[in-house]
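As structure tokens, the structure follows; a few thoughts come after it.
The values are calculated or read from the model by the stated rules, or taken from the named source; none is laboratory data. Note that the structure is predicted; figures quoted are calculated from it, not measured. Every residue, glycine as well, gets a Cβ built from its backbone with ideal geometry; the counts of neighbours run over all protein chains shown.
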Amino acid sequence: MNKNKATFRKVKISIVFCALFLIAGITANNLLALLKKEPEKVEKIQAFTTVKVQEMLRENYREKIKGYGTVEPILETTISAQVSGVVTWISPRLRRGQVFNVQGKPQKLLQIDDRDLRQQFISAQANLQKAQAAVKALEIETYGTESLLNNAKKEWQTSKRELKRLNKLIKERGISPSELDRQVLQTSQSEKEVLRLDWQYKSQLNSRERVLADVALAKAQLQQVKNDLRRTTIYTPFSGYITDVHVNYGTRVTPGTPLLRIVNTDKVAVAISVAASRYGQIQMGATTDISLNSGRTWRGKVIRILPDVDTQTRTFQVFAEIDYQQMIIPSGIFAVCYVEGLIFENVFVVPRTAVIDDFVFVARRLTKYKNKAKVEKRRLSIRASTSEYMIVDDGLKNGDEIIITNVEEISEGSNVGIFSGYETSKQR
């Protein structure tokens, strides 16, 4: 009996201790809970779309007008024969596609037989010498006749004075009539000699003019033969590449026979077709960026603007010159061109892809999450538009970050994540 009571007492004591421990644990837990700092409330971030943004800054923007064109040579020529003969020599380099670099010294391309012309040259030289000798002989004769004429005139004047004196004497009966008659006859003969020599002198002067004309003709004929001799040798007229060769060794040619065609390699032009609405916005000398199919880009300048518009394509043509001495650009190759146009001052330049119905989305970065932002919708005041950009006067501020990608997937108030590839308006 006593043993059962002792056991019951132990159980009772155990229960009491367990209850005390339980109460103590609950109390300690509550105390710890009171001492623990409540966690900060975090704004719940909704699902977001990742976008790229571009910082907007006011700037002076020169428009680049896009056009398409083809390359064409500024200088090309078909060299034709100017004399008749047989081709006796052809340069081994005279082949299609071969490039000739003149560099101040023309290179020989082919030779036409010049033997007949050399004989003509000798004959022309002889004719000139003969004509020049005739001029010298006639000059000597003319000089002699002129001297005789001057002497005859003096004798005639003397005879006339003597006749006048005798006429006075015969009135005074100082001489006989026969003496006067002799003086009259002598004076008449002197006059006839003067007239004869004067006619001879003038005839010689006329003959001299005719002989001088023969000399001039002989000189011209000699020069013509010299020119023809020079034309038997064909040289490169400028640096360029050969596109066509029309003759071979032994070919007989006549004046006008095409020999070859060469295209200048120093400069080319690009005929650019530009929308008619852009007429008047491009100036002479405007810088032009020209990209070819090869991926290379050249810079050129506008050298001509055609003053008419194609009624079918509604375009006008602008010609830009390229200096391309480092390599050959083949004629006819397609090119994409950007020509300097108007200058817009103090504007924002917005990519067209970022604009929807004259609105853009601006990213407002969250304070605690620099790579996340709220979307704000802005209406733009657009001054002009190009194929790639909108020229904006108002609706934005310096430093605004506009969203330039995934604009179809967002709306005002949307949460977006900003892609790390940040751009500015200066990185266009």
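Below is a table of values for the structure above.
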{"item": "Wholly enclosed strands (runs of 3 or more DSSP E) of segment 332-417 bearing at least 3 residues over 40 Å from the mean Cα position of the chain (by Cα)", "result": "359-365, 372-379"}
{"item": "Residue within segment 266-273 that is farther than 30 Å from Ser80 by Cβ, assigned by TED's automatic domain parsing to the domain that holds Phe316, modelled with pLDDT of 95 or more and out of contact with any helix residue (DSSP H, G or I) (no Cβ under 6 Å at 6 or more places or on another chain) present", "result": "yes"}
{"item": "Boolean, Asp308 is free of Cβ contacts under 8 Å to residues at least 60 places away in the same chain and not aromatic (Phe, Trp, Tyr)", "result": "yes"}
{"item": "Residues located in segment 83-142, provided they are closer than 30 Å to Asp266 by Cα and among the aromatic types (Phe, Trp, Tyr)", "result": "Trp89, Phe100"}
{"item": "Residue within segment 203-212 that is closer than 30 Å to Arg230 by Cα and not basic (Lys, Arg) present", "result": "yes"}
{"item": "Neighbours by Cβ (under 8 Å, 6+ apart or cross-chain): first from segment 175-193, farther than 12 Å from Ala152 by Cα and outside any helix (DSSP H, G or I); second modelled with pLDDT under 85 and not polar (S, T, N, Q)", "result": "Ile175/Leu166; Ile175/Leu169"}
{"item": "Residue ID - farthest from Ser331 (Cα to Cα), chosen from residues in segment 225-240 that are in contact with a Pro (Cβ under 9 Å, 6 or more places away or on another chain) and part of a strand (DSSP E or B)", "result": "Tyr235"}
{"item": "Boolean, Lys66 is out of contact with any Leu (no Cβ under 9 Å at 6 or more places or on another chain), touching a residue at least 60 places away in the same chain (Cβ under 8 Å) and in a strand (DSSP E or B)", "result": "yes"}
